[in-house]
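Engineer: Okay, handing you the structure first.
The values are calculated or read from the model by the stated rules, or taken from the named source; none is laboratory data. Treat the numbers as computed from the prediction; the structure is a model and nothing was measured. So basically every Cβ, Gly included, is an ideal-geometry build from the backbone, and we count neighbours across all protein chains shown. We work out accessible area using only protein heavy atoms, side chains counted, and drop any ligands, DNA or RNA first. Shrake-Rupley method; radii C 1.70, N 1.55, O 1.52, S 1.80 Å.
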Amino acid sequence: MTAFEEELHAVEKKVSAQLSDGRFQHCLRVSDYARKLAQENGVDENQAALAGLVHDYAKERPAEDFLVAIDRFHLDPDLKNWSRAIWHGVVGAEMIQDELGIDDPAILDAVRLHTTGEGVEMPTLAKIVFMADYLETGRDFPGVKEAREITDKSLDRGVFYQLQHTLSFLAENGNVIYPKTFTSYNDWARHSAE
Ligand code: GDP
Ligand code: FE
Ligand code: FE
């Protein structure tokens with residue numbers, strides 16, 4: 001086994017200890033899909049596989065853990081008004097660094113941005129994890145095949161597709177929408193109108 005494979009196995013154990021089996025399997029599939037997108041987009045495959053593996057590390061933590069961590073890591077206090085859907089990325093990145101010892105800033109950023117996306121300046125690794133989370137082989141929603149095809153042709157078009165569809169879906173269901181989800185969408189919409 002290479003040193004990287006050993007690290008990946010050690011991290012897998014720690015991730016599986018934090019999550020239900022269903023969500024852990026999702027993390028493994030995101031890791032695989034991120035590796036594939038990395039190959040197609042000239043990004044380090046191992047870095048993408050590790051980022052995909054850890055992206056939902058904090059998803060099942062009690063709310064109290066996030067509230068404590070927001071203070072401890074000096075994050076924006078407004079985060080306290082949101083919920084696990086938003087916390088597990090932004091706050092989860094800090095927990096991953098602290099508890100798993102992963103210090104690669106690109107991986108931590110990809111975790112931070114994996115729920116809301118980011119404007120067109122979004123780093124490529126973050127785009128990859130964002131799309132792998134949406135397209136992993138266990139995902140089955142109307143349009144998933146089209147979304148996979150679009151993303152294979154253009155990672156950027158995939159990102160915009162997901163932002164458009166997630167925003168519509170959240171609004172249709174009357175969900176509260178986090179401002180960053182809007183600003184990410186707006187930036188890509190402006191960009192694609194050019
Ligand atoms: P998951 O962790 O693999 O389930 O996927 P994500 O991290 O992408 O999303 C977590 C949940 O947050 C999903 O149910 C999304 O639909 C939802 N979500 C994404 N953006 C927003 C938002 O702006 N506001 C709210 N309330 N939920 C969101
Ligand atoms: Fe997530
Ligand atoms: Fe996920």
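Engineer: Quick check: is even one residue across the range 16-32 β-branched (Val, Ile, Thr), part of a helix (DSSP H, G or I) and either farther than 16 Å from Phe130 by Cα or away from ligand 2 (no atom under 15 Å from the Cβ) (or both)? Don't jump to the end; show me each part of the working.
Structural biologist: Of the residues in the range 16-32, the ones β-branched (Val, Ile, Thr) are 30.
Filter once more, keeping what is part of a helix (DSSP H, G or I): 30.
When the remaining residues are screened for being either farther than 16 Å from Phe130 by Cα or away from ligand 2 (no atom under 15 Å from the Cβ) (or both), the result is none.
There is no residue in the range 16-32 that is β-branched (Val, Ile, Thr), part of a helix (DSSP H, G or I) and either farther than 16 Å from Phe130 by Cα or away from ligand 2 (no atom under 15 Å from the Cβ) (or both).
Engineer: Mind counting the residues in the range 160-194 that are open to solvent by 70 Å² or more (accessible area, probe 1.4 Å) and of a type in the set (A, V, I, L, M)?
Structural biologist: Final tally of qualifying residues: 2.
Engineer: If you check His55 against the conditions, is it touching a residue at least 40 places away in the same chain (Cβ under 8 Å), touching a Cys at 6+ places or on another chain (Cβ under 9 Å) and closer than 22 Å to Glu7 by Cβ? Before you say what the answer is, go through the steps one by one.
Structural biologist: On the way: touching a residue at least 40 places away in the same chain (Cβ under 8 Å): yes; touching a Cys at 6+ places or on another chain (Cβ under 9 Å): yes; closer than 22 Å to Glu7 by Cβ: yes.
Here the answer is yes, as His55 does meet what is asked.
Engineer: Determine which member of the set Gly158, Gly119, Gly138 is without any contact (Cβ under 8 Å) to a residue 60 or more places away in the chain and either within 16 Å of ligand 3 (Cβ to nearest atom) or over 25 Å from Glu7 (Cα atoms) (or both).
Structural biologist: Values: Gly119 fails: without any contact (Cβ under 8 Å) to a residue 60 or more places away in the chain; Gly138 fails: without any contact (Cβ under 8 Å) to a residue 60 or more places away in the chain.
Result of the check over Gly158, Gly119, Gly138: Gly158.
Engineer: Right, another one. Looking only at the range 34-49, how many residues end up being open to solvent by less than 70 Å² (accessible area, probe 1.4 Å) and either within 12 Å of ligand 1 (Cβ to nearest atom) or among the polar types (S, T, N, Q) (or both)? Let's see the steps before the verdict.
Structural biologist: Quick first cut of the range 34-49, residues open to solvent by less than 70 Å² (accessible area, probe 1.4 Å) only: 34-38, 41, 43, 45-49.
Remaining after also requiring either within 12 Å of ligand 1 (Cβ to nearest atom) or among the polar types (S, T, N, Q) (or both): 41, 46-47.
Residues in the range 34-49 being open to solvent by less than 70 Å² (accessible area, probe 1.4 Å) and either within 12 Å of ligand 1 (Cβ to nearest atom) or among the polar types (S, T, N, Q) (or both): 3 in total.
Engineer: What are the residues in the range 132-159 that are within 13 Å of ligand 2 (Cβ to nearest atom) and either modelled with pLDDT under 95 or open to solvent by less than 50 Å² (accessible area, probe 1.4 Å) (or both), if any? Can you show your working first?
Structural biologist: Pass one, the range 132-159, residues within 13 Å of ligand 2 (Cβ to nearest atom): 132-134, 136, 139.
Hits for the range 132-159 are Ala132, Asp133, Tyr134, Glu136.
Engineer: Return the residues of the range 50-72 that are in contact with a Pro (Cβ under 9 Å, 6 or more places away or on another chain) and open to solvent by less than 50 Å² (accessible area, probe 1.4 Å); say none if nothing qualifies. Write out each step before concluding.
Structural biologist: Kept after step one, since they are in contact with a Pro (Cβ under 9 Å, 6 or more places away or on another chain), are these residues of the range 50-72: 70-71.
Passing the criteria: only Ile70.
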